[in-house]
Every structure is written in C-alpha cells, then in structure tokens.
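These notes are about the structure you will find just below.
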Amino acid sequence: MKRIYLDYAAATPLSQEALDAMLPYFSEKFYNPSATYIAARAVKNDLDKIRAQVAAILEAKLAEIVFTAGATEANNLAIQGVMRQFPAGELLVSAIEHESVMAPAELFSATKIPVDSNGILILNKLSNLINDNTVLISVMLVNNELGTIQPLREISIIIQQVLEERHLKGNKLPLYLHADAAQAGNYLDLHVSRLGVDLMSLNGGKLYGPKQSGCLFIKAGIKLTPQILGGGQEFNLRSGTQNVAATAGFAAALKLASENRAKEYRRIQELRGGFEAALIKQLPKSVLNGSVKHRAPHLLSLTINGSDNERLMMELDERGIECAIGSACSASSEQPSHVLSAIGLNEQQARSTLRFSLGKNTTKSQLEMTASELAVLAGNNR
Ligand code: PLP
C-alpha cells in the first residue's frame, strides 16, 4: 500500500521547479557571490534577481529581504535582533508561538498575550499589555498546530494608535510587529503592507522548497543586532557565504505558491471539509480544535477524547498513514503542547489530540481511508 502523508505542516516534498532552480548552483554556478571575477559576479547578479523576486512577492524592497537558513533563524534574528538594540525594551508574544519564537523570547522575559478558546489572539488583552517600554510584538500569521489565522492587520492598527500616543508624549521608542509566517506561504496573501508587519519570517521547507532556506523581511529603517558575525554578507545581518542554491529553490517555491495560492486554497479547504465531516461522524467522541472561521485550510487538530494520541499515531503509521501529535519540532517533548493548553485543553485532552496537515498530493480517497482507519483504531483504543 502507498503511504498516506498527512504531515505537510512539518515538511513538504521538494517541487521539480524548486529543484530545477537550485541545480545550476551546485555545478557550473558554484561560485562565491562575494568574489570579484566575472563568473562570480554573475552569481551575485543572480542572487540579486532572486532577492528581487522574493521582494516582489512580498511587495517589499530588495534591501528588505535577508536570506536565512529557515524560519527558526529568521525568528531568532527578528527577536534577538530587535531586543538587543533596546536593552530596556519589553517584548510581547502570543501564547501559541512556535518554539523558535518562544525560546528567544524567554531570553527577554517576554509577556505572553492570551488567545481565546478558538486559538485567536485576544486584542483587548494585547492593548492592555502594551506599555511605554514595549518595543516588539511577535504574533504568528498561521498557527502550526491549529491553523488559526491571527489578526495581524488589527494588531498593526493598535500599534499605530500606540505610536501616535507615544509621539504626543515625546516617547521616541518604536513598536514593531513581527510575524512568523512559516505556515502561511502556500495559502495566504504575504504582502507585508497589507498585513501591516514590520518584520516577517518565511521558510522554504513548508513551501515545497528546500529545508534550511527562507528569509526575514525587515522593513527599511529598522536596525537589528546580527547574531552571526563574520564577512558581513546579507547587509551585515547574516554573515557566511550565501547558499545561493537554497535561496533559488526558496524563491522558485514561493513564486509557485503565490501562483497556485487561490486554487490550492479552495481545493485543500474542500478536502479538509469532507475529512472533518467524516471524522466527526465516525468518531462521535471527537472535537475539532481551532477557529472554524479564521483557519488556514491545510491544518486540522482533532481531540479524540479518551484516546492516547501517541499510540494512535504509531498505529496509523503502521497502517501507512503519517500524521503528527503536535508540532514536529516538539514531538519529542514530554510536555503537553503549550498551544493546546493555551486554548484551554487539559493535559489528558492534549494527549488525545492528533494533527493532520494536507498538501499537494492529498486526495479525497486518502482522507476517506484515514477517517475509517482512525475510527477503527480509536474504537479499539478506548
Ligand atoms: N515557525 C513555525 C510556525 C513552524 O511551523 C516552523 C516549523 O515547523 C518553524 C517556525 C521553524 O521553521 P524551520 O524548520 O524552517 O526553522
């Protein structure tokens, strides 16, 4: 039996387009883009074009894109980069951020902004938490366990109001909005001005591009303290010879994602709708987590009350079906998911929760088969 892969939120297979874009940089175009002879300058020229391509998709400027090795690095650069510029500044992060935001945020004793039981940030709580020293707010665009889409535009409006008040009081401290958009690229608009973000992290590994590729958008004028020091590449913000192949693969993947976005959104949403209906019908003790209205189409979080998610996940795996019990990055952790705790699930409910994530090779029959297998297994599990 062919395996059924339902963990696209953890990793996506490389597309042919991304691979084709990468290949020349492993062979004839292997040059270091910082070298000065003609062939190397041609590679530097390619890198500029790749950067321009990414910038155009985000409606950003060329110099606002810093290539990084994935979203973890971009998140660290955003958070540590801003916070080290403002030693007395304070940081707010949503309670459901990915570990790659949470861990650097802890270095600066960040305050967590609560979310409601649907996993949506509570805006008036955010407003109350902002004080005269708040310098950065980090809220993800799409949550990687629930799929919930956060109200970034509304947050940016709150920030504008705070900045106007600060201006009147003579407080010159900036207040930036950073968004981790690692789970959003295949399905949502990434125009930075429409989203209202000052900094935004993206990665290629979730977009059918290569792992360890991605970027941080940094709005012009924002100064960051770099973490990787050396030769001064990437506008002095990320030293090290650029991985031009990875950036080319990332840009090609992002381009394809933006071209396919509307169509894929509808297709995946429809598939998920059918899958959810089948799950609820066949597993009466199950509950879907996350907002029904504000949710990216590829993610589905299901609590099957009374079940053991780890056992279910392994039994599904033995039957050729691959899914997750939380985010892949924290799957080995002993702690129940902080995201599920933040929406009010108790430990037992969190340990009865599975995450399914759909992608380009997902079909209706795969999902039907998964729902029936799960119904049998969860029946045995209780
Ligand atoms: N942020 C979110 C929301 C994610 O889902 C992930 C990956 O799972 C990351 C960040 C980390 O991305 P990367 O593996 O590219 O460092």
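Laboratory data are not the source of any read-out in this text; all were calculated from the coordinates shown. Values in this document were obtained by computation on a predicted structure and should not be read as measured data. Cβ: placed from backbone, ideal geometry, glycine included. Neighbour counts: every protein chain shown.
Across segment 103-112, what is the total count of residues that are crowded, with 21+ Cβ neighbours inside 10 Å and under 18 Å from the mean Cα position of the chain (by Cα)? Quick ask: steps written out before the conclusion?
Taking segment 103-112 and keeping what is crowded, with 21+ Cβ neighbours inside 10 Å, we get 104-105, 110.
Checking which are under 18 Å from the mean Cα position of the chain (by Cα) leaves us with 104-105.
Final tally of qualifying residues: 2.
Among the residues of segment 91-139, write down those that are among the β-branched types (Val, Ile, Thr) and under 25 Å from Ser301 (Cβ atoms).
Within segment 91-139, Val93, Ile96, Val101, Ile113, Val115, Ile120, Ile122, Ile137, Val139 meet the criteria.
Does Gly240 qualify as being part of a loop (DSSP other than H, G, I, E, B), of a type in the set (Gly, Ala, Ser) and buried (at least 19 other Cβ atoms within 10 Å of the Cβ)?
Numbers: part of a loop (DSSP other than H, G, I, E, B): yes; of a type in the set (Gly, Ala, Ser): yes; buried (at least 19 other Cβ atoms within 10 Å of the Cβ): no.
Considered against the rule, which asks whether it is part of a loop (DSSP other than H, G, I, E, B), of a type in the set (Gly, Ala, Ser) and buried (at least 19 other Cβ atoms within 10 Å of the Cβ), Gly240 comes out as no.
List the helices (runs of 4 or more DSSP H) inside segment 259-373, counting only whole elements, that have at least 2 residues being without any contact (Cβ under 8 Å) to a residue 40 or more places away in the chain. Steps first, please.
Working: elements: 309-318, 338-342, 347-350.
Per the criteria, 309-318, 347-350.
Taking Gly274 and the conditions (1) surrounded by 15 or more Cβ atoms within 10 Å (Cβ to Cβ); (2) in contact with a helix residue (DSSP H, G or I) (Cβ under 9 Å, 6 or more places away or on another chain); (3) not β-branched (Val, Ile, Thr), which numbered condition does it fall short on, given that it satisfies the others?
(1)
Could you check segment 191-204 and list, in sequence order, the residues that are farther than 17 Å from Asn260 by Cβ and within 16 Å of the ligand (Cβ to nearest atom)?
Going residue by residue through segment 191-204, those that are farther than 17 Å from Asn260 by Cβ are 192-201, 203.
Across segment 191-204, the qualifying residues are Leu195, Val197, Leu199, Met200, Ser201, Asn203.
Report, by residue number, each residue of segment 150-190 that is hydrophobic (A, V, I, L, M, F, W, C) and more than 13 Å from the ligand (Cβ to nearest atom).
Correct list: Leu152, Ile155, Ile157, Ile158, Ile159, Val162, Leu163, Leu168, Leu173, Leu175, Leu177, Leu190.
Does Asn305 fit the bill of being polar (S, T, N, Q) and in contact with a Leu (Cβ under 7 Å, 6 or more places away or on another chain)? Walk me through how you get there before you give the answer.
Numbers: polar (S, T, N, Q): yes; in contact with a Leu (Cβ under 7 Å, 6 or more places away or on another chain): no.
For Asn305, the condition - polar (S, T, N, Q) and in contact with a Leu (Cβ under 7 Å, 6 or more places away or on another chain) - is not met.
Among the numbered criteria (1) out of contact with any strand residue (DSSP E or B) (no Cβ under 8 Å at 6 or more places or on another chain); (2) closer than 30 Å to Ala350 by Cα; (3) surrounded by 13 or more Cβ atoms within 10 Å (Cβ to Cβ), which one does Val292 miss?
(3)
Six or more apart or on different chains, Cβ atoms under 6 Å: show the pairs whose first residue is in segment 71-91 and over 22 Å from Asp132 (Cβ atoms) and whose second is β-branched (Val, Ile, Thr).
Filtered contacts from segment 71-91: Ala74/Thr68; Asn75/Val101.
State whether the residues of segment 101-117 include one that is touching a Phe, Trp or Tyr at 6+ places or on another chain (Cβ under 7 Å), within 19 Å of Ile155 (Cβ to Cβ), in contact (Cβ under 8 Å) with a residue 24 or more places away in the chain and away from the ligand (no atom under 16 Å from the Cβ).
no
Using beta carbons and a limit of 7 Å, which pairs, at least six apart or on different chains, have the first residue in segment 184-209 and free of Cβ contacts under 8 Å to residues at least 40 places away in the same chain and under 22 Å from Gln269 (Cβ atoms) and the second one in a loop (DSSP other than H, G, I, E, B) and within 12 Å of the ligand (Cβ to nearest atom)?
Short answer, once both residue conditions are applied: none.
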